[in-house]
Amino acid sequence: MELAWYALLGLFFATYLVLGGYDYGVGLLLARGGPATRRAHLTALGPFFLGNEVWLVAFVGILFGAFPTLEGELLSGFYPAVVGTLVGVILVTVGVQLRSRPRSATARTGWDRVVVAGSALAAFGWGGLLGGLLQGVPLHADGHIAGVTHLATPFAAATGLAMLTLVAAHGATFLTLRLPAADAAALGRLAGRLVPVALVAVVAATALGLLSDRVRATAQQPTAAVLLPLALVTALLVARAALARRRPGVAFAATGAALALPVALVGATLWPAVLVSTVDPAATLTVAEAAASGPTLRLLGWLTIPLLPALLGFQAMCWWVFRGRTDGRAPVYW
């Protein structure tokens, strides 16, 4: 039962990164272009924005209910990354909601900058959090993580930057599907330049991990630690080839897979642990130890079983209703 809940937790978080990832990617792209361009980008994003954030709420709900021990240690041992990320999420939400209210162009530009800063903070924070989990934590025998300095490592910074570049490429690819064809061509070229940047960032983070004794010692499943980064690199190569052939649908699916794979990488590499101790191997926290009791999980199951199809149905309906480009024309997906 613990494995099923752990997989569900990963599914919700990965889905959030894929869907929320293009929110933050579009937010980062507000740093370029004039007011009309920025407005067009947000118009393309608008119908999906708040619905994508629901997956984060669902993920947090499962984390609190099904894995209370893990939730406590993440908040205490990773609080700079967690707080920074949540501040970024809030800044993006507030900025997108309020930028259209002021009549002043200067005020709208200010809110656009808030969205850019929040998007960068959220993307970097999620990447740093995943990197921090992969490199292990100073978990002691009392079951608590000591301090937060374990986050200040080159590997955690590299994974944060890799997530930032992945999100930017994903957002640009999303816009190639949504903007009018004349504008989408320029975004396709931009996405084609961003994907190699993301590829370099991913390869650099992977190399740092392979060279780090700490990261190698933390990996409980070395095969997954090798195969899943290769799958991520393959997804980016597919995205680059698809953009070159003007297949934005394939490219978007590939960049989405590239954002979901880091979650699978962390879960599969650390299994059966969820927090690997770097100071006392006996203190390592397993998934079974982090999970709530059996009766609690069964009760949560009755609440979650209808939630997943409802979320999937809402997302499918949203994409169907707002399918096509913002000028009303259908894109060439494949």
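The values are calculated or read from the model by the stated rules, or taken from the named source; none is laboratory data. A quick note: this is a predicted structure, and the numbers were derived from the prediction, not measured. Quick reminder, even Gly has a Cβ in these numbers, built from the backbone with ideal geometry, and neighbours come from all protein chains shown. Side chains included, ligands, DNA and RNA excluded: accessible areas come from the protein's heavy atoms. Shrake-Rupley method; radii C 1.70, N 1.55, O 1.52, S 1.80 Å.
For the reader, a short list of remarks on this structure follows.
- Long-range amide H partners of residue 212 with built H, under 5 Å: none
- For the chain, calculated [θ]222 nm from helices alone, where every DSSP H run of n ≥ 4 adds -39500 (n - 2.57): -26000 deg cm²/dmol
- Cα gyration tensor shape for segment 21-82, rounded if a/c is under 1.5, else prolate or oblate: oblate
- Excluding ligands, DNA and RNA, the accessible surface per residue across segment 1-140 is 38 Å² with a 1.4 Å probe.
- Backbone HN-Hα couplings from phi across segment 87-92 [Karplus 6.51/-1.76/1.60, Hz, Gly and Pro as x]: 4, x, 4, 5, 4, 5
- Spatially, segment 181-234 and segment 3-46 are offset by 18 Å when compared through their Cα centroids.
- Computed from the Cα positions only, the extents of segment 25-153 along the three principal axes stand at 57, 30, 21 Å, in decreasing order.
- Surface/4 estimate of mean projected area, convex hull on alpha-carbon atoms of segment 80-214, nm²: 10.4 nm²
- The chain: C-alpha pair distances exceeding 34 Å, %: 23 percent
- For the peptides 279-291, 20-32, the ranking by mean Cβ contacts within 10 Å, running from highest to lowest, is 20-32, 279-291.
- Across the options 205, 254, 288, the greatest Cα extent toward the positive end of the charge dipole of the chain (unit charges at beta carbon of Lys, Arg, Asp, Glu) belongs to 254.
- Fraction of accessible area attributable to carbon and sulfur, the chain (%, probe 1.4 Å): 70 percent
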